[in-house]
Amino acid sequence: MKGKESQIKDLFDHSCTDSVVGTEWSLHQLSPYIGKIKSSIAKFLINHFTEKNDVIYDPFCGASTIPLEALAMGRNVIANDLNKYAYILTLAKLHPPKSIDGVLVKIEKYNKLVLDHKSQIDLRSVPPWVRSFFHKETLRETISWVHILSKKNEWFLLACILGILHHQRPGFLSFPSSHTVPYLRLKKYPPDEYPNLYQYRNVKERLIKKVHRAFKRMPNFDEKLIKDCNQRNASSFIPNMPVDAIISSPPYMRQLDYGRDNRLRLWFLGVDNYKELDLMVSPKETNFIEVMTTCLKNWNTVLKPNGKCILFLGDNYSSKNKLKLPDLIEKIATIDLACYELIFRHESIIPNNRRVRRNYTGNKVETVLVLKKIADGNPNL
Ligand SMILES: C[S@@+](CC[C@H](N)C(=O)[O-])C[C@H]1O[C@@H](n2cnc3c(N)ncnc32)[C@H](O)[C@@H]1O
C-alpha cells in the first residue's frame, strides 16, 4: 500500500495534468496573465495544507488564482502584487458583482457617459505603438470605458474590458493580435485580405458578451471572509494580521517580464513605463535572491507558530549559487535563515502544452516546497 506522502504526491501530479476546461470558476478566465498557476494546483495546495477559515497570504498573487480558489474554499485571503494589472484583476476577482442583471444595467448607464466622453479624446496623445493595435473609433471608445470604469471603481467591468482588449477573434477589440502578450498578427491576417478584421468594433456589445462568459461559473463567497487586496512591494509589505499559510508562486527568476508582457493592458491603466516596473517585478538573479531572502525573513514574523510557507517554483538555475531555484530557496529558508523546516517537497514535469515559453530551455519541471515555521528560528532575525 502507498504511504500518505506518496498518495499526496500522486494527487499533486493529477492536479498538474488534469484538465480544468469547463470546470474551473469562469473568473479564472477573466483576463490572461503570463506565468499563471493552474487553478487545480492552487486548489490542491489549499485543500491539503490549510483548513477552512485559515488566513492565507499570497505575496506575488499575479492574476489571483490562489486567492480566488482560497476564498471560494472558505479561507480568509490577503493578496498582493506590485503590478497594477495584477492588482486590478485581484480586486475584480475577489469582489465580483452579485447579479448579472445589475451589471447589465450599469453597462447601459456607463455607455451614456462613454458616448459623451469619447469625443474629447485626442488620439495624438496616444503613443503610436498603442494606436497600431486599434481602429481609431474603437480606441477612443475603449479609452473612455477605461476612464469611466476606473473613476467609478468598477473593477470587475474594467477587468472584463482588459480581458477583451486584444486577440485575433471577433469578440475582442484590437486588430488581429495574440491574446496574452500583445503582438499584432499582420502577416497572418494582412489587412487587404481580411479587411473586416480591421473595422470599427463596438465595445459595449463585446463587453456584454464578456460579462456573460464571466458569469458562467461564478463562485459564491462567504461575505464574512476577509479579502484584503494590496499593490505593494512584497519585500516591504507585512500583513497586519497573523497568517496560517503563505501560498505563492514567486516571479520566475530571469524568465518572464511581467511589465513588458502586459504592456498594452498596463498602458490603458496609466502605466506607460513598463521598463521601470520590470526593474521591480521581473528581478534578475541577484535582486531575486535578495527579495526572497527578505520575504522569507518577514514572513517568519507574520506566520502563526507552525504556520506554513508553500512555494511553487520553476527549475531555473542560479549560476551565482550553483543551485536550482527550489534548492536555493530551501537552503535560504532552512540553513541560512534557519527559521523553517522542510515538511514536503515534490517535483512535477510540466506538460509541453503548459510551458510558458515552449522552446525555452528552462522550466521543464515545477516544484512545490512546503516549509513550516520553526517557533525558535534564528535569534538574529
Ligand atoms: C509567477 S507570477 C504569479 C502568478 C500567480 N500565481 C497567478 O496565478 O497568476 C509572479 C508575480 O509576482 C509579481 N511580483 C514580482 N516581484 C514582486 C514584488 N517585489 N512585489 C510584489 N509583486 C511582485 C509579478 O508582478 C507577478 O505577477
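The values are calculated or read from the model by the stated rules, or taken from the named source; none is laboratory data. Predicted, not measured: the structure shown is a model, and the values here were computed from it. Cβ coordinates were reconstructed from backbone atoms using ideal geometry, including for glycine residues, and neighbour counts include every protein chain displayed.
Quick notes on this one:
- Where a residue in segment 235-257 is surrounded by fewer than 18 Cβ atoms within 10 Å (Cβ to Cβ) and its partner, wherever it lies, is part of a loop (DSSP other than H, G, I, E, B) and at pLDDT below 95, with Cβ under 7 Å and at least six apart: Q255/N316; Q255/G362; Q255/N363
- Failed item, numbered, when L266 is tested on (1) more than 18 Å from Y87 (Cβ to Cβ); (2) touching a Gly at 6+ places or on another chain (Cβ under 7 Å); (3) within 13 Å of the ligand (Cβ to nearest atom): (1)
- S150 fulfils the conditions (1) of a type in the set (G, A, S); (2) surrounded by 21 or more Cβ atoms within 10 Å (Cβ to Cβ); (3) part of a helix (DSSP H, G or I) except for a single criterion, (2).
- Being out of contact with any helix residue (DSSP H, G or I) (no Cβ under 9 Å at 6 or more places or on another chain), in contact (Cβ under 8 Å) with a residue 12 or more places away in the chain, within 10 Å of the ligand (Cβ to nearest atom) and outside the structural domain of V130 (by TED's automatic domain parsing) is a property that T301 lacks.
- Scanning segment 44-68 for residues that are within 14 Å of the ligand (Cβ to nearest atom) and within 13 Å of I310 (Cβ to Cβ) yields a count of 9.
- Residues that are within 13 Å of the ligand (Cβ to nearest atom), assigned to a loop (DSSP other than H, G, I, E, B) and surrounded by fewer than 23 Cβ atoms within 10 Å (Cβ to Cβ), drawn from segment 69-87: L82
- Unique match (being free of Cβ contacts under 8 Å to residues at least 60 places away in the same chain and of a type in the set (S, T, Y)) among S40, S31, S26: S40
- Identity of the residue in segment 258-291, of a type in the set (A, V, I, L, M) and either without any contact (Cβ under 8 Å) to a residue 60 or more places away in the chain or in contact with a Cys (Cβ under 7 Å, 6 or more places away or on another chain) (or both), that ends up nearest to R140 (Cα to Cα): L279
- Apart from one condition, L71 fits all of (1) farther than 24 Å from D244 by Cβ; (2) touching a residue at least 60 places away in the same chain (Cβ under 8 Å); the exception is (1).
- Exactly one residue out of K112, K36 is more than 12 Å from the ligand (Cβ to nearest atom) and either part of a loop (DSSP other than H, G, I, E, B) or surrounded by fewer than 19 Cβ atoms within 10 Å (Cβ to Cβ) (or both): that is K112.
- For K216, the stated conditions do not hold, so it cannot be described as away from the ligand (no atom under 15 Å from the Cβ), of a type outside the set (A, V, I, L, M) and part of a helix (DSSP H, G or I).
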